[in-house]
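Some notes on the structure that comes next.
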Amino acid sequence: MTIPSLSIEKRDPVGLVVDDDPVMRMLIRQVLERDGLVVHEAADGRQALESFPALAPDIVLLDVMMPEMDGFAACAALRALPQGSRTPVLMLTGLDDLESINKAFEAGATDFISKPISWGVLGHRVRYMLRAAHTLDALSRSQETLAEAQKIACLGSWEWDLLRGHFGWSEEALRILGLKAGEGSGLDGYRQRADPAEQAATRAQIDGLVHEGGELDLFNRLCLADGSVRHVHLRGVHRGSAPVRVLSGTIQDVTERKRAEEQIRYLAYYDGLTSLPNRQFFLEQLQRTLVLARRHERQLAVLSLDIDQFKRINDTLGHQVGDELLQAISHRLIDSVRGGDEVARAEPGIDGHIARLGGDEFSLLLVELGHFHDAAKVAHRLLEMLRAPFRVGDQEIFVTASIGISLFPSDGDSPDVLMRNADTAMHYAKEQGRANYQFYGRTMNSRALEKLSMEAQLRRALDRNELTVHYQPKVEAKTGSVVGVEALVRWKHPELGVVGPSQFIPIAEEIGLIVPIGEWVLEQACRQVRAWQSRGYANLGMAVNIAGPHFRQPKLLRSVGDALRRLEIPAHCLELEVTESMLMENLDATQITLRRLKEMGVRLAMDDFGTGYSSLAYLKRFPLDTLKIDRTFLKDAPDDAGDAALISAIIAMAHSLNLTVVAEGVEYEKQLDFLRDRGCDLIQGYLVSRPSAPEDLDELLHRQALVRTA
């Protein structure tokens, strides 16, 4: 009878009894069930094989002498099944000759017991075989788990029997080394695959382990037979006491970890855009170089290089072009610096002497200078190198740079001080007109400290009501009548007295205070012109300067509109002055803002005309009302024929565009006569009045008898 295939959830050990004698099967069942086994029966070998996959027995008791398929054939067939390779098989045999016993073991039997069976011995034999099978199964699972864990961890093992001369790598170790079973020549072969620079140290550690014991702990870069490179961690210990006989250890593939460490190091020490060292790398390298410079009494220099007006490139051409330009600049810097200008390179192919500190600022380290003039030569060469145009996409871009130089030991003896002083010198170079280099001087540092102090005090000036607005009249050149005033902010410093805008406005722009200051000045100027108009000066105009950051603020339009409505000021009485350089920064946005201001009825003036880079073509596109001639043109006029000719041309050009012309900085009668003869409309300057407090202008306005109806 065929035993049906059943899926059985095993809780107790399962035994399969295979015998053609039903009485024998019954007796064996009773013994096994008494010992806690779940017993199934088969009448011959064929039935046993059919039922085996479903039953998955923990032990098979198999009679040798059976019809159709004897026990030897059944045992051999059972061992061929995937589930049967490790199941213990107890052969039941009435044969007691040596040939039958050997045949049983050759067929795959685990053990045998002779008939007639001693039932007490049978129980003990089965329990022993089950315990042994469980132990072997657990060991096998443990080995498989260990092998899988080693594979996941890329961790192999090795053992070296020095007495017998036997060396063995585990399967995972062979994979790590790119070897097949039986290949390799132990640790000596491992050493030969190591990077040539590491082989001597590797051999010394291996020899030390062999002859003296202790531990082996190596990180190596291995070059495998297929040309690939792996980083491995080799560890080893000796077992037993001296003399050393058996060594064992592990080998782990740490290539991915090494790559991750290198990536982390790159992110920590290198700039992602240019691949140059960053500030942290440069500081650490400068620290190491200073140690050598002190020891050998050498001079070195730190250069701080900043690209002039780089923000304008980002604003006009976009950040993508700006990034590509920075990459091109870094390549040109690397090519320009000679080998003698550099410090020791941190890694092959890396120019450690140049770093990008952030934005458009770079630092260079020059060592072993014979004289400080050598640093000047390098700075000059860098400036000349940067003057050549850069090609970025379809754009040809011209840039200049400002460079500051600090020297060791005269300007500092620590990385922070040297870099700070080089940065101070760089900012001084910008103040001197850009596109030049400057050495650090102690006077620069004192000026920098003064500037920092002024920044801190300026932040508090608005809250402390230290800012005030003075007004300078604008008069008709022909009649001398006052037609308007220009609002000019002043800072009543508690210690320095009145501070002019040229001293604090640039600082306010740097630290982000120019917008709130501009809003405050606009409010004060509108209130003042409203006060004058209420006293009878109905058509008095008010001009207010608008700084670039304030002009680009979306809330400028709202602020102007709110002031006009709230204070009931005729829009044509308010004139906003903007410089030509700020109008050119973003032409499309500039035109939109100017057009919306004109729609409000506000007048618009271009201030400092001639000092920027606008052309007539652009001038025609802007909805301007007034053009102001910068005071620098008038300084030597009319005595200087060139300046006189330029002023005449500007006036004629402005009138051809229907623009009112205002000349600033008029101090002498002969200047007024010259301007009047050339048809200049309005003048400003000390000849008429200095910028004054509102109460000081009341008398002038009254004297001019400017009482006009709206």
**Request:** Give the percent of DSSP beta bridges with both residues in the chain that are antiparallel, rounded to the nearest 5.
**Result:** 60
**Request:** Return the calculated 222 nm mean residue ellipticity for the chain, to the nearest 500 deg cm²/dmol, obtained by summing -39500 (n - 2.57) across DSSP H runs with n ≥ 4 and dividing by the residue count.
**Result:** -15000 deg cm²/dmol
**Request:** Under 25 Å Cα to Cα from K115, which lysines show up? Leave out anything in the same chain fewer than 8 places away.
**Result:** K103
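Treat every Asp and Glu Cβ in the chain as -1 and every Lys and Arg Cβ as +1, leave all other atoms uncharged, and give the resulting dipole magnitude about the Cα centre to the nearest 20 debye.
Computed charge dipole of the chain: roughly 1620 debye.
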**Prompt:** Any idea what the relative contact order of the range 177-261 is, in percent, if you count C-alpha pairs under 8 Å spaced at least 6 apart?
**Reply:** 22
**Asked** Shape call for the chain from the C-alpha gyration tensor, a ≥ b ≥ c root eigenvalues: rounded (a/c under 1.5), prolate (a/b greater than b/c) or oblate?
**Response** prolate
**Message:** With +1 on the Cβ of every Lys and Arg and -1 on the Cβ of every Asp and Glu, and nothing else charged, how large is the dipole of the range 176-230 about its Cα centre, in debye rounded to the nearest 20?
**Reply:** 240
**Prompt:** At what distance in angstrom do the alpha carbon centres of the range 539-588 and the range 368-404 lie from each other?
**Reply:** 40
**Fill in**
Per the 1/(1 + (r/R0)^6) rule, R0 = 41 Å and r from the Cβ atoms of R265 and E50, FRET efficiency to 0.05 is 0.05
**Request:** Report the charge-dipole magnitude of the range 529-592 in Debye, nearest 20, computed about the Cα centre from +1 at each Lys and Arg Cβ and -1 at each Asp and Glu Cβ.
**Result:** 400
**Nearest 10 degrees, 0 to 90: helix 71-80 Cα axis against the chain principal axis** = 10
**Message:** Computing the accessible area with a 1.4 Å probe over protein heavy atoms, can you report the carbon and sulfur percentage for the chain?
**Reply:** 51
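Based on the alpha-carbon gyration tensor of the range 65-133 and its eigenvalue square roots a ≥ b ≥ c, which shape applies: rounded if a/c is under 1.5, prolate if not and a/b is larger than b/c, or oblate?
Working: a/c = 1.84, a/b = 1.08, b/c = 1.70.
The shape class here is oblate.
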**Fill in**
By the mean-Cβ-within-10 Å protection proxy, highest first, 386-398, 24-36 rank as 24-36, 386-398
**Complete:** Taking a crude spin-label model, label points 7 Å out from Cα along the C-beta direction, the E519 to Q432 distance in nm is 4.0
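Strictly over 23 Å apart at the Cα level, which of K492/K628; K430/K620; K492/K670; K628/K670 would you flag in this model?
K492/K628; K430/K620; K492/K670
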**Prompt:** Going 7 Å from the Cα of H371 toward and past its Cβ, which residues in the range 395-414 have a backbone nitrogen under 19 Å from where you end up?
**Reply:** 405-411
**Request:** Assuming R0 = 22 Å, can you tell me the calculated FRET efficiency for the pair L162 and A204, based on Cβ-Cβ distance, to the nearest 0.05?
**Result:** 0.80
**Asked** What trypsin sites (Lys or Arg not before Pro) does the range 160-193 have in DSSP loop regions with at most 13 other beta carbons within 10 Å?
**Response** R164, K180
**Asked** Relative contact order for the chain using alpha-carbon pairs under 8 Å, separation at least 6, rounded to a whole percent?
**Response** 6
**Cβ-defined net charge surrounding T400, 9 Å radius [Lys, Arg +1; Asp, Glu -1]** = +1
**Prompt:** Expressed as a whole number of Å, what is the distance separating the alpha-carbon centroids of the range 66-123 and the range 266-323?
**Reply:** 82
**Message:** Quick check: from the Cα gyration tensor, does the range 576-705 come out rounded (a/c under 1.5), prolate or oblate?
**Reply:** oblate
**Prompt:** Under a 1.4 Å probe, what is the accessible area of the chain per residue, stated in Å²?
**Reply:** 51
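The values are calculated or read from the model by the stated rules, or taken from the named source; none is laboratory data. Note that the coordinates shown come from a computational prediction; the quantities given were computed from them, not determined experimentally. Glycine also receives a Cβ, built like all others from the backbone with ideal geometry; neighbour counts cover every protein chain displayed. The protein model used for the area step is the full one, side chains on, heavy atoms only, and it has no ligands, DNA or RNA in it. Shrake-Rupley method; radii C 1.70, N 1.55, O 1.52, S 1.80 Å.
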